[in-house]
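To start, the structure under review is shown below, and the notes come after it.
The values are calculated or read from the model by the stated rules, or taken from the named source; none is laboratory data. Because the structure is a prediction, the values reported are computed rather than measured. FYI the Cβ positions are ideal-geometry reconstructions off the backbone, even for glycines, and counts take in every protein chain you see.
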Amino acid sequence: MEEFSEDFNEPKEESNFDLKAEIFKYLTYWKWLFLGFLVGGCIAFLYNRYTIPVFRTESNLLITKSEENNMSGILPSSGTGSIIRLESNSLQNQIVTLKSKNLVKKVVDSLNLNISYFIEGNVITTEAYKSSPVTINFITPDSIVNNHSKTFIIFPKSNRNFEIFDKKTEKSWKYDLGELISIDSLDFIINSSKPDQFRSSNPIYIEIKPVDRVAANFISKLEVGPKAQSGEILLIGLTYSTSKKAEDFLNNLMYQFNAEGVNDKRQVAGRTTQFIDERLHDLSFSLDTVETNIADFKRDNEFMDVASGAQQLLSRKTEAEQRIFEIETQLNIINSIKNLLANSETFDLLPGNMVTGASQVQNLIEQYNQLILERNSLLRTSTEQNPMMEALDAQIIKLKPNLIKSIEAYASNLRIEISDLNIKESTAKNRFSDFPKMEKGMRGIERKQTIFEQLYLFLLQRKEEAAIAFASTSDVAKVIEPAFTYGSPVSPSPLLILIGGFILGLLIPLLIIFLKNLLDTKVHHKGDLQTLLSTTPFMGEVPRIDTDESDVIQLNDRSSLAESFRILRTNLAYLIQNKDKERGDVIFVTSTIKGEGKTFVSYNLSRTLASTNKRVLLIGADIRNPKLHRYTQMTKGAVEKGLSDYLYDHEIPFDKVISKIKEDEILVDVILSGPIPPNPAELLMNDRMESLINKAKTLYDYIIVDTAPTMIVTDTLLISQLADYTLYVARADYTEKSILQFPKDMKKQGKLKGLAVILNDVDYSKFSYGAKYGYSYGYGYGYGQDAETRWERWKRRLSRN
């Protein structure tokens with residue numbers, strides 16, 4: 001009971017993880033790891049060698065301010081600023097414009113980037129931008145070509161002759177250089193400026209893509225944003241495989257952007273000039289009418305100069321009249337602008353800087369024009385359904401009535417001021433009642449003439465300013481740095497790809513080995529028995545034997561098999577050294593399932609013990625599936641009765657079931673299993689089995705009992721208490737790790753006495769690395785046997801493979 005209780009006091013399990021053992025699991029497959037490492041490196045090298053590199057191209061663009069966009073500082077004016085005042089858009093608007101599809105399409109169309117040339121290489125096909133041995137010139141209008149998608153392959157046959165293949169229809173034709181070709185509604189000519197290069201060239205691919213698709217591709221790769229902390233400099237970048245094409249694209253993009261910006265500013269100047277021309281035409285007619293009236297008035301009243309007669313009166317009226325002239329001029333202008341605003345379309349520009357003395361009206365006109373320009377700019381890159389467009393329209397519509405109200409208010413103030421001045425003028429007129437009525441009529445006509453002349457001169461001045469501003473409009477942006485390409489490619493990164501290839505090539509076999517080990521549920525070596533060995537002694541390992549080697553040990557045998565059983569014999573001696581030597585030791589040999597080699601271990605262990613002149617009895621107790629007879633060579637006249645006969649027939653004496661087997665001077669007494677009975681469990685449960693064991697203890701030093709598997713049948717458990725020790729056999733590459741819990745549980749429950757473990761059929765060739773560090777160990781290096789040379793070891797491995 002004391003020993004039984006100790007079995008239940010299982011020590012606390014420690015971690016079974018052995019880093020060195022895990023490493024050597026993988027080092028066993030070093031050839032595969034090295035092969036994967038080389039293959040990964042080779043694939044990475046080929047990828048670097050045959051992958052078209054992609055380069056980064058950049059340029060810097062400075063967005064100029066409004067005062068830098070016009071020449072208002074040098075133009076003569078009335079102190080009210082330039083006739084042209086175009087505020088620069090926000091930086092974000094410029095970014096949107098640079099990436100607009102309309103602008104990029106202009107660049108693609110101007111550089112013919114929708115037509116690409118490629119030359120087929122031995123492995124890859126590379127683009128021949130501006131270096132193609134042939135060029136295609138379309139006769140078909142660009143509007144049709146720009147919507148086509150075609151791929152032609154040119155196969156040079158001579159300096160002049162070639163074969164053209166349509167990849168879409170898979171048809172081919174033969175033509176000469178310069179000959180008109182018509183394919184699928186496309187008319188074109190293939191020319192070559194390098195006939196010698198053309199003849200020796202590989203096949204040439206000509207790809208024609210719709211301009212919209214090419215523009216969308218460039219937009220997806222185009223990067224535009226502020227440079228560093230600057231609020232005015234834009235960094236324009238493009239990542240592309242052909243650096244020269246990328247540089248041409250960015251340079252042309254900046255050119256087209258400037259051209260559109262200049263065109264926007266000139267629209268205001270053009271609209272102002274048109275308005276002034278219309279007003280000058282009307283004023284010319286009015287001046288002619290006034291001058292005709294003066295001539296008619298003088299002729300009818302027969303006088304040439306009435307000013308000298310009223311010199312003194314006129315000097316008094318000069319100040320009032322001069323003010324009236326200025327006010328009426330402004331009133332006329334403001335009424336004209338009001339009429340223009342009322343009769344024009346909703347989104348037309350208004351003439352700038354025409355109103356003097358009313359800063360609020362002038363500011364509203366400038367704000368109105370700015371909104372119109374922003375709307376026109378946004379309309380080029382979007383539709384009227386754009387939320388930003390709708391917001392601008394709302395602002396314009398909201399601003400227009402405010403502008404009209406401001407103009408009407410300003411006009412009302414002017415009329416009130418005129419009314420006051422007229423009252424003063426009337427007061428002065430009443431003082432010369434005797435002044436001829438004709439003088440009054442003359443002054444009225446002359447006043448009209450003066451107003452029209454001043455307005456005419458004013459418009460002429462503004463027209464000249466508008467013309468100068470139109471001609472001298474500067475760029476909206478300045479190219480700080482033209483497009484340039486970095487020398488190192490963005491991708492692929494050769495060193496990174498090469499390192500990644502080596503690592504990936506190493507990781508793939510490592511992953512495969514890891515999965516193999518992860519899915520492997522078999523026992524392979526002593527380390528896999530750790531869950532069981534934490535509470536159970538380990539007796540030793542039995543190596544795997546080749547098919548041409550004997551599975552039975554002989555006298556003075558120096559094989560690895562014999563050495564392993566000698567170690568097993570030694571360890572067994574340590575296990576039973578404190579036992580009573582007056583009686584023999586009963587050793588059961590069992591396993592979890594069949595096929596784990598318990599009979600093989602039982603027979604060879606018996607011979608190993610007998611070789612030391614010990615009396616050994618080997619009992620075949622697996623009466624359901626006996627295997628012991630395979631290892632015995634029964635001589636003529638040998639006893640044929642077995643254990644099942646003895647257990648069944650009480651008349652059969654003990655000595656009648658014993659067979660004395662002597663092979664190679666090693667004598668072992670054996671009790672075979674005998675005939676297979678129909679009730680093996682009942683036979684093992686009777687008193688005959690216990691009496692047989694007790695009898696054998698008095699006659700032998702060791703009683704080795706080859707029993708049935710413990711998990712499959714209950715036979716072994718029925719007689720397990722008759723044993724002094726139980727040797728539990730597990731087989732490498734055969735026993736499942738999951739069933740190791742079964743003998744552990746049997747020991748806890750006290751069903752197996754003196755339990756110890758033996759690992760059978762260990763393949764040491766798998767652990768050549770681990771053996772060096774004690775991970776495993778082999779046999780056969782005792783006296784009388786030389787160690788294998790490296791060459792012999794290689795030959796042995798090759799012969800096995």
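Before moving on, here are some points about what is shown:
- Pick from segment 176-191, criterion over 44 Å from the mean Cα position of the chain (by Cα) and not in a strand (DSSP E or B), ranking: surrounded by the most Cβ atoms within 10 Å (Cβ to Cβ): Leu177
- Long-range neighbours under 7 Å by Cβ, at least six apart or interchain, first residue under 14 Å from Phe138 (Cβ atoms) within segment 176-189, second in a strand (DSSP E or B) and of a type in the set (Ser, Thr, Tyr): Ile181/Tyr175
- Residue within segment 628-636 that is in the same structural domain as Thr592 (by TED's automatic domain parsing), within 29 Å of Gly540 (Cβ to Cβ) and either buried (at least 19 other Cβ atoms within 10 Å of the Cβ) or at pLDDT 85 or above (or both) present: yes
- Among residues of segment 120-143 that are on the phi > 0 side of the Ramachandran plot, those with a Cβ under 9 angstrom from a residue that is assigned to a strand (DSSP E or B), sequence gap 6+ or separate chain, pair up as Lys130/Tyr117.
- Annotation note: of Tyr728, Tyr779, Tyr773, the sole residue that is surrounded by 18 or more Cβ atoms within 10 Å (Cβ to Cβ) and either basic (Lys, Arg) or modelled with pLDDT under 85 (or both) is Tyr779.
- Only one of the listed residues (Ile124, Ile164, Ile181, Ile154) is β-branched (Val, Ile, Thr) and either within 21 Å of Ser110 (Cα to Cα) or in contact with a helix residue (DSSP H, G or I) (Cβ under 6 Å, 6 or more places away or on another chain) (or both). That residue is Ile124.
- Residue pairs whose Cβ atoms lie under 6 Å apart, separated by 6 or more positions or on different chains, with the first residue in segment 397-424 and surrounded by 12 or more Cβ atoms within 10 Å (Cβ to Cβ) and the second charged (D, E, K, R), are Ile407/Lys338; Leu421/Arg323.
- Hits in segment 547-599 - residues which are closer than 26 Å to Lys751 by Cα, of a type outside the set (Gly, Ala, Ser) and assigned to a helix (DSSP H, G or I): Leu568, Arg569, Thr570, Asn571, Leu572, Tyr574, Leu575, Lys598, Thr599
- A residue that is without any contact (Cβ under 8 Å) to a residue 24 or more places away in the chain, in a loop (DSSP other than H, G, I, E, B), of a type outside the set (A, V, I, L, M) and out of contact with any Pro (no Cβ under 9 Å at 6 or more places or on another chain) occurs somewhere in segment 611-620.
- Within segment 104-126, the residues that satisfy the criterion of being of a type outside the set (Asp, Glu) and more than 30 Å from Arg380 (Cα to Cα) are Tyr117, Phe118, Ile119, Gly121, Asn122, Val123, Ile124, Thr125, Thr126.
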